[in-house]
1. Report, ordered by chain and residue number, the lysines lying within cross-link reach of K8, taken as a straight Cα distance under 27 Å and ignoring same-chain residues fewer than 8 apart.
2. Taking only C-alpha pairs under 8 Å that are 6+ residues apart, what is the relative contact order of region 307-366 in percent?
3. Which ³J(HN,Hα) values, rounded to whole Hz and listed in residue order, are derived for region 100-108 from phi using the Karplus coefficients 6.51, -1.76 and 1.60 in 6.51 cos²θ - 1.76 cosθ + 1.60 with θ = phi - 60°, glycine and proline given as x?
4. Given the peptides 35-43, 121-129, 321-329, arrange them by the average over their residues of other C-beta atoms within 10 Å, most packed first.
5. Over region 166-370, what is the relative contact order in percent, taking alpha-carbon pairs closer than 8 angstrom and at least six residues apart?
6. What does the highest-first list of 222-235, 295-308 look like by mean Cβ count within 10 Å?
7. So which lysines can K318 reach, going by Cα to Cα under 21 Å and dropping same-chain residues fewer than 8 places off?
8. Distance between the C-alpha centers of region 18-39 and region 287-362? Whole Å please.
Amino acid sequence: MAASANKKFRVLIVDDSAFMRKVLETIFAGDDQLQVVGHAKDGREAVALAESLKPDVITMDINMPHVDGLQATAQIMTTNPRPIVIVSSESRDGAASTLKALELGAIEFVAKPSSGIDLDMQSVKEDLLRKVRMAAKVRVVRTASRIATTVQKSNGTSLAASTPPVAPRPAPSSGLDQRFPVVVLAASTGGPATVMRLAPGFTREFPAAVILVQHMPAAFTTQYAAQLAEFTGIRVKEAEPNESLQPGTFYICPGGHHLRVTPTGRIQLDGSSGRVNGYLPNIDVTMESVAAYAGAMSIGAILTGMGNDGTSGAKAIKAAGGLVLAQDEATCVIFGMPAEAIKAGAVDQVLGIDDIYPAIEKRVIGICRTTPVGVR
């Protein structure tokens, strides 16, 4: 569905603050593609109005009385899916709740400035408008039931215990110049829920290092690592400067930094260069360094996201003899990054999200059977 002079995207605003609802309405009223069609002061009203008004997009606060934003998001995405943009605090607690909402199927998020006053909201106005317009065009599917089941499993029976282990990883060789498969997962819009689909496959004995580069602010990635660890048996951590890359570890690129792997297999973080081609972190930077380090042992997976980040990196991995996978359009929230990599001829296989982990595992096991660790 495209916006036109006669058709605007219909927005439902959900926030327990009457002042904030007014601020948001004023911001949206100034955009010629958006029209506010309703307000809800808590999650209960949000669920009812989502059903009766059938908005094109919903902005959702998290901390609200009666029914909070998480509960409302889960119910809407289960029974009456609509694109949801979370507009909530960037505090630690706010980050945790926002990430859970994204796992439940919310499309995007905008962090409210700490004071939440009108002047501060103007500072995020353009970002908010861009994300709301983008989300309104997304075809959403019911996701909350699946994620809720995954969450329930992770809080009870260990997912690692129920997942057959891959072949044990070889013992690390002496010195820093060891070689083993390195997987780079690249994600942007829709990434948190998508990565949750992949994460349970990885086990603590997975014989490769995994690096996730997700477009996400610095305030969120520490919490993201903690939450992702609940879904998988592999060791999950936020990457640290100068640490040695190891198999059986899932590294998350810290927000606000570019991540490179050095020729000796150490992680290098760059927080001073600013955006590269508009992105921070930049996926190409990571993929190109992994291609140089791991060569034919490198694997890239371009997942859902807007823009073309990852295309140059995918080309580098393919040129080095590695494997490049792309998520297909049917299972992407936004078929932007994968489409660009496919168009550039940098992709070996285009797969649905549930087929990507098996393809990664098959390639990793094949590498480990044919190439001894330490041999390049």
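Nothing in this text is a laboratory measurement; each read-out follows from the coordinates by a stated rule. Note that the structure is a prediction, hence the values are computed from the model and not measured. Ideal geometry is used to build each Cβ from the backbone, glycine not excepted, and the neighbour counts take in all protein chains shown.
1. K8 reaches K22, K41, K54, K112, K125, K131, K137.
2. 39 percent
3. Along region 100-108, the couplings run 5, 5, 5, 5, 7, x, 4, 7, 8 Hz.
4. In descending order of packing, they fall as 321-329, 35-43, 121-129.
5. 22 percent
6. Descending packing order for the listed peptides: 295-308, 222-235.
7. Counting by Cα, and skipping residues close in sequence, K318 has these lysines nearby: K343, K362.
8. Their Cα centres are 38 Å away from one another.
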